[in-house]
1. Which residue out of Arg98, Arg94 is among the basic types (Lys, Arg), modelled with pLDDT of 95 or more and under 15 Å from the mean Cα position of the chain (by Cα)?
2. Just one of Ala35, Ala52 is buried (at least 16 other Cβ atoms within 10 Å of the Cβ), part of a loop (DSSP other than H, G, I, E, B) and at pLDDT 90 or above; which is it?
3. From Gly202, Gly220, Gly166, Gly225, grab the single residue that is modelled with pLDDT under 90 and at positive phi.
4. Would you pick out the residues in region 38-49 that are out of contact with any Pro (no Cβ under 9 Å at 6 or more places or on another chain) and either modelled with pLDDT under 65 or not in a loop (DSSP other than H, G, I, E, B) (or both)?
5. Mind listing just one residue for me: the one in region 110-128 that is outside any strand (DSSP E or B) and surrounded by 24 or more Cβ atoms within 10 Å (Cβ to Cβ) and, of those, modelled with the lowest pLDDT?
6. Here is a check on your reading of the model: is Lys107 at pLDDT 90 or above and in contact with a Ser or Thr (Cβ under 7 Å, 6 or more places away or on another chain)?
7. Restricting attention to region 67-109, which residues are among the β-branched types (Val, Ile, Thr) and surrounded by fewer than 20 Cβ atoms within 10 Å (Cβ to Cβ)?
Amino acid sequence: MEYSPCTDGIDVHGTPAYIHNTVIDVGDGNVAVHASNVLIEDCHFGGPATGAWGRHDQCVHGHGATIGSLESKNKVENVTFTNIIMERIDEGPRVKVRCNSTDGYVKDLTYENLVLHNIQSMNFHIFTNYDCKKDDEGVADTLPVGWETIRRDAWSNYTLHRSPDGVIFRSLENALAAAAVAAPAAAAAAKTQLTTSPPPLGEDTFVISNLVFKNITATGTDEQGGFLCSKDIPCEDVTMSEIHSDKGDMQCTYADGKGES
């Protein structure tokens, strides 16, 4: 096989599938699931500081335990990631759906018994604006005057926010928190929009539902992350149980569910 460190470790397109007792240290998705009835267990994603290729390259360790990317008419259900250590990868549990997707779903997804250590970006990233130039449902536009929204052409699913003093925020939630110090009223109005619950669903809606996150410990990460869903692609019936993290609250955009101790 040609040397290719910046690629997915295992892409799952067949069903059923079983991955176990595997160490995966790559530059893209450690495991990227596109099919139903998949079990991934007893694995190690990522590795030491130099990575699998023995260098300090940007493309090492992996992008996480990923569902997708998915698009219109894709339907994925009954996927479990369990008993996995994730070390120095970019993100942990990860679901990515392309912008404007319709008539599809992700459901009955479980992440349990995970250890996340020194995740490079954010612990949790469930997002529905992959490959989309829309800007967080317009919420970022309500940041106080002087803030700048930055859209990166190469990775259009990431929108950055720059404060008047030049600080870059990848998370809208963190940008709103910083903006609240200087402009409390504007930031509070934006945060109200950010936490809006999902609207009633149409027949052709793409839905993410019945997600379970249980017994997950995360340490050494800069950002908690969370659920960046949208009014067009909502997240429903999310259960968070026994989540132990040294970071703050979970982001929740057009998502609903419950937490259990």
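1. On the way: Arg98 fails: modelled with pLDDT of 95 or more.
Step by step, each of Arg98, Arg94 is checked, and only Arg94 is among the basic types (Lys, Arg), modelled with pLDDT of 95 or more and under 15 Å from the mean Cα position of the chain (by Cα).
2. On the way: Ala52 fails: at pLDDT 90 or above.
Answer to the check: Ala35.
3. Numbers: Gly202 fails: at positive phi; Gly220 fails: modelled with pLDDT under 90; Gly225 fails: modelled with pLDDT under 90.
On inspection, the qualifying residue turns out to be Gly166.
4. Of region 38-49, the ones out of contact with any Pro (no Cβ under 9 Å at 6 or more places or on another chain) are 40-49.
Within region 38-49, Ile40, Glu41, Asp42, Cys43, His44, Phe45, Gly46, Ala49 qualify.
5. From region 110-128, those outside any strand (DSSP E or B) are 118-121, 123; that's our starting set.
From what's left, surrounded by 24 or more Cβ atoms within 10 Å (Cβ to Cβ): 119, 123.
Values: Ile119: 92, Asn123: 95.
My answer is Ile119.
6. Working: at pLDDT 90 or above: yes; in contact with a Ser or Thr (Cβ under 7 Å, 6 or more places away or on another chain): yes.
Here the answer is yes, as Lys107 does meet what is asked.
7. Within region 67-109, the subset among the β-branched types (Val, Ile, Thr) is 67, 76, 79-80, 82, 84-85, 89, 95, 97, 102, 106.
Answer for region 67-109, where residues must be among the β-branched types (Val, Ile, Thr) and surrounded by fewer than 20 Cβ atoms within 10 Å (Cβ to Cβ): Thr80, Thr82, Ile85, Thr102.
The values are calculated or read from the model by the stated rules, or taken from the named source; none is laboratory data. All values derive from a computational prediction rather than experimental measurement. Note: ideal-geometry Cβ built from the backbone for every residue, glycine included; neighbour counts use all protein chains shown.
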